[in-house]
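Student: Take a look at the following structure, please.
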Amino acid sequence: MFKFMSLKESIVKEQIPQHIAIIMDGNGRWAKKRGNQRIFGHRNGVNAVRAVTEAAGELGVKYLTLYAFSTENWNRPRPEIEALMSLLVSTINSETDTLLKNGVCLRTIGDTESLPPSVAAKLKEATAKTSGCNGLNLILALNYSSRWEITNAMTRIAKSVLDGQISPANITSETISSHLCTGGIPDPELIIRTSGEYRLSNFLLWQAAYSEFYFTDVLWPDFDKEELYRAIVDFQKRERRFGKISEQL
Ligand code: FPP
């Protein structure tokens with residue numbers, strides 16, 4: 001009997017991206033379509049976070065970076081910001097044990113020290129608790145923006161030059177990479193954005209130099225394991241040339 005291959009079965013196990021980054025977009029529209037408040041969309045977005053984390057871990061992805069709160073998100077209405085912060089804390093409270101059980105290491109990138117003190121403390125606690133895990137690294141981009149990150153890296157490099165620790169002639173792209181929040185983490189091979197928007201919105205600008213982009217109209221709360229498989233299958237069909245021509249690969 002002929003059997004159709006499932007999306008998951010069509011994934012080539014030897015070519016799983018080791019780092020996938022996601023711009024989770026469309027929570028507000030998802031809620032509005034249902035006649036609900038925006039925060040209802042964010043709450044349902046947590047289900048998608050859970051599903052994608054599980055799927056990434058099962059597939060053996062090493063790093064999953066999720067854009068959860070940008071430095072520009074402070075411009076949203078105050079009640080939405082407060083609801084997002086409390087959703088973050090309650091999700092960490094309810095999920096940390098599951099992360100530990102599954103060997104998931106929770107990490108953050110961004111200016112987390114400037115988050116409300118209770119949020120910053122909770123993140124510190126959860127990242128310390130899971131720091132010994134050796135499965136998936138779940139990296140939450142919080143109070144993050146790439147221009148902030150690059151500016152911050154430049155300031156620190158400039159200080160090291162003034163202190164005589166680095167000579168300007170020795171500054172390489174590795175010097176810059178290692179001073180970013182993602183220092184030591186490989187660049188994402190695949191960046192996904194949901195909800196039909198086609199922009200990077202200040203996310204991983206330096207790290208995305210050779211990333212493959214996958215855009216889908218699916219709104220974030222509807223993004224599930226199958227959608228992640230679909231993105232990976234699409235990624236695996238691409239030819240990554242890194243500036244070379246096909247015949248050289
Ligand atoms: C974008 O949708 C989503 C956000 C700015 C927040 C993402 C937060 C979550 C998924 C929940 C909390 C996360 C964790 C990791 C526990 P939008 O509000 O911009 O949607 P819209 O474009 O339709 O208005």
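The values are calculated or read from the model by the stated rules, or taken from the named source; none is laboratory data. This is a predicted model, so every value here is computed, not measured. Glycine also receives a Cβ, built like all others from the backbone with ideal geometry; neighbour counts cover every protein chain displayed. Accessible surface areas use protein heavy atoms only, side chains included; no ligands, DNA or RNA. Shrake-Rupley method; radii C 1.70, N 1.55, O 1.52, S 1.80 Å.
Student: Looking at the chain as a GNM with Cα springs under 10 Å, which of Ser146, Ser211, Ser86 has the largest mean-square fluctuation?
Tutor: Evaluated over the chain, the most mobile residue of the options is Ser86.
Student: Per residue, what volume in Å³ does the convex hull of the Cα atoms of region 1-44 enclose? Before the final figure, lay out the partial values.
Tutor: Details: hull volume 5.6 nm³, N = 44.
Cα-based convex hull of region 1-44, divided per residue, equals 127 Å³.
Student: Say R0 is 25 Å: what FRET efficiency, to the nearest 0.05, do Glu9 and Thr98 get from their beta-carbon distance? Working shown, then result.
Tutor: Numbers: r = 26 Å, r/R0 = 1.05.
Efficiency, rounded to the nearest 0.05: 0.45.
Student: With N denoting the number of residues in region 36-91, provide Rg(C-alpha) divided by 2.2 N^0.38 Å, to two decimal places. Show your work: numbers first, answer last.
Tutor: On the way: Rg = 13.1 Å, N = 56, 2.2 N^0.38 = 10.2 Å.
With N residues counted in region 36-91, Rg over 2.2 N^0.38 Å equals 1.29.
Student: What per residue convex hull volume, in Å³, do the alpha-carbon atoms of region 56-167 yield?
Tutor: Values: hull volume 15.2 nm³, N = 112.
Residue-normalised Cα hull volume stands at 135 Å³.
Student: Among Ser145, Ser160, Ser201, which one shows the biggest mean-square fluctuation in a GNM of the chain, springs joining Cα atoms closer than 10 Å?
Tutor: Its mean-square fluctuation being the largest, the pick is Ser160.
Student: While we're here: Would you mind classifying region 202-249 by shape? Square roots of the alpha carbon gyration tensor eigenvalues, ordered a ≥ b ≥ c; an a/c under 1.5 is rounded, otherwise it is prolate if a/b is larger than b/c and oblate if not. Write down the numbers at each step before the final one.
Tutor: On the way: a/c = 3.82, a/b = 1.61, b/c = 2.37.
It is oblate, given that a/c is not under 1.5 and a/b is not larger than b/c.
Student: Under the classification rounded if a/c is under 1.5, otherwise prolate if a/b is larger than b/c and oblate if not, where does region 70-125 fall, given a ≥ b ≥ c as square roots of the Cα gyration tensor eigenvalues?
Tutor: Numbers: a/c = 2.33, a/b = 1.79, b/c = 1.30.
In terms of gyration-tensor shape, prolate.
Student: Which of the helices in the chain meet the span-like rule: DSSP H, Cα axial reach of 30 Å or more, Kyte-Doolittle mean at least -1.0? Walk me through the intermediate numbers first.
Tutor: On the way: long enough: 38-59 (32 Å, -0.08); 78-101 (35 Å, 0.16).
Membrane-span-like by this rule: 38-59, 78-101.
Student: Roughly how many percent of the accessible protein surface of the chain is carbon and sulfur, given a 1.4 Å probe and a whole-percent answer?
Tutor: Working: 6990 of 13390 Å².
That share works out to 52 percent.
Student: While we're looking at this one, here's another question. Would you mind checking region 130-153 for residues with the amide N under 17 Å from a putative spin-label position 7 Å along Cα→C-beta of Ser173?
Tutor: From region 130-153, the list is 150.
Student: Quick check of the Kirkwood formula: for region 153-215, what is the inverse mean of 1/r over all pairs of different Cα atoms, in Å? Don't jump to the answer; show the numbers that get you there.
Tutor: Details: mean 1/r = 0.0742 Å⁻¹.
Taking the inverse mean of 1/r over all distinct Cα pairs, region 153-215 comes out at 13.5 Å.
Student: For region 1-121, take the convex hull of the Cα atoms, compute a quarter of its surface area, and give me that in nm², please.
Tutor: Average of the hull's projected areas for region 1-121 equals 10.4 nm².
Student: Show which lysines lie in cross-link reach of Lys101 when reach means a straight Cα distance below 29 angstrom and same-chain residues fewer than eight apart are skipped.
Tutor: Lys8, Lys13, Lys62, Lys122, Lys124, Lys129, Lys225
Student: If you average over every viewing direction, what projected area does the convex hull of the Cα atoms of the chain give, in nm²? Can you show the working numbers first?
Tutor: Working: hull surface 69.5 nm².
Over every viewing direction, the Cα hull of the chain projects on average to 17.4 nm².
Student: If you count, for each residue, the other Cβ atoms within 10 Å and average over each peptide, how do 114-122, 170-178 line up from highest to lowest? If you can, show how the numbers build up before the last one.
Tutor: Details: 114-122: 14.8, 170-178: 12.0.
Answer by packing, highest mean first, reads 114-122, 170-178.
Student: I've got another one for you. Taking only protein heavy atoms and a 1.4 Å probe, what accessible area per residue, in Å², does the chain have with all protein chains in place? Working shown, then result.
Tutor: Working: 13390 Å² over 249 residues.
Counting only protein heavy atoms, the per-residue value for the chain is 54 Å².
Student: If all Cα-Cα distances of region 133-249 are sorted into 10 Å bins from 0 onward, what percent lands in each bin, rounded to whole numbers?
Tutor: 11, 33, 33, 18, 6, 0
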